[in-house]
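The values are calculated or read from the model by the stated rules, or taken from the named source; none is laboratory data. Small disclaimer: the values here were computed from a predicted structure and weren't measured. Here the Cβ positions follow ideal geometry from the backbone for every residue, glycine too, while neighbour counts run over all protein chains shown. Please note that ligands, DNA and RNA were not included when accessible areas were found on the heavy atoms of the full protein model with its side chains. Shrake-Rupley method; radii C 1.70, N 1.55, O 1.52, S 1.80 Å.
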Amino acid sequence: MAENQRPNPAFEKESIIMQHGIFALLVGTLNNQIQVKYQSIKASPFDSHDVTMSAFLLALFVYATASVAEVMLRARESLYSTLVGNLRLFASALAAILLLSILAPILGCVFSSVWACLFMRIAYESRLELYSILCQSTSKLLDMLKRVRGRNAEPDQPNV
């Protein structure tokens, strides 16, 4: 990131709280609409849209995990909190789009296409941060493996 770049206002505390509220409202509304749609049908969305619902649950899990990780990283004033915040935003958008695709498949496809384009743009812009994280993780893993290998290579001392 450039040093003269201002912090993104979307990742300020009040904005994040508002984003959680909007996501909860959106998912709640879409869930209620799905319940209305399926109340006269004996099947559930898990029966007729099993892949979509599984992807929704995975996106919801990623959203929850990223939300917790973002809070922890913000408390440490880590540079990676923005990266995790982007992950949280995209997971929440994907979860909402997946629910929308159950209600209106064509609209869900349109929003999925827009989501994919935005995701690719943010991933491209975050490539340097991702590379840095990967290099640090690889370096720490190699150091740990060298230490473990060094311990295993030492001969056992006989007890006297």
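The C-beta contact set for the stretch 130-142 (first residue aromatic (Phe, Trp, Tyr), second residue at pLDDT 85 or above and open to solvent by 90 Å² or more (accessible area, probe 1.4 Å), distance under 7 angstrom, 6+ apart or interchain) is empty. Can we say Ser15 is closer than 21 Å to Ala66 by Cβ and either in a helix (DSSP H, G or I) or free of Cβ contacts under 8 Å to residues at least 24 places away in the same chain (or both)? Judged against the criteria, Ser15 is a match.
Residue by residue, here is whether (1) open to solvent by 90 Å² or more (accessible area, probe 1.4 Å); (2) over 25 Å from Gln136 (Cα atoms) holds:
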position: Ile17; (1), (2): yes, yes
position: Gly21; (1), (2): no, yes
position: Leu25; (1), (2): yes, yes
position: Tyr38; (1), (2): no, yes
position: Phe56; (1), (2): no, yes
position: Val68; (1), (2): no, no
position: Leu99; (1), (2): no, yes
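If you scan the stretch 75-89, which residues turn out to be in contact (Cβ under 8 Å) with a residue 24 or more places away in the chain and either closer than 26 Å to Ser44 by Cα or open to solvent by 80 Å² or more (accessible area, probe 1.4 Å) (or both)? Residues satisfying the conditions are Leu79, Leu87.
When residues in the stretch 27-36 are screened for being open to solvent by 40 Å² or more (accessible area, probe 1.4 Å) and free of Cβ contacts under 8 Å to residues at least 12 places away in the same chain, 4 of them pass.
Kindly check whether there is at least one residue in the stretch 101-113 that is more than 28 Å from Ser44 (Cβ to Cβ) and either assigned to a loop (DSSP other than H, G, I, E, B) or touching a helix residue (DSSP H, G or I) at 6+ places or on another chain (Cβ under 9 Å) (or both). No, every residue in the stretch 101-113 fails to be more than 28 Å from Ser44 (Cβ to Cβ) and either assigned to a loop (DSSP other than H, G, I, E, B) or touching a helix residue (DSSP H, G or I) at 6+ places or on another chain (Cβ under 9 Å) (or both). When residues in the stretch 110-137 are screened for being open to solvent by less than 50 Å² (accessible area, probe 1.4 Å) and either farther than 16 Å from Ala91 by Cβ or among the β-branched types (Val, Ile, Thr) (or both), 3 of them pass.
When Val148 is tested against the conditions (1) at pLDDT 85 or above; (2) within 28 Å of Leu57 (Cβ to Cβ); (3) open to solvent by less than 90 Å² (accessible area, probe 1.4 Å), the lone failure is (2).
Out of curiosity, is Ala96 over 26 Å from Leu25 (Cβ atoms), in a helix (DSSP H, G or I) and within 14 Å of the chain's Cα centre (by Cα)?
Spelling it out, it is not the case that Ala96 is over 26 Å from Leu25 (Cβ atoms), in a helix (DSSP H, G or I) and within 14 Å of the chain's Cα centre (by Cα).
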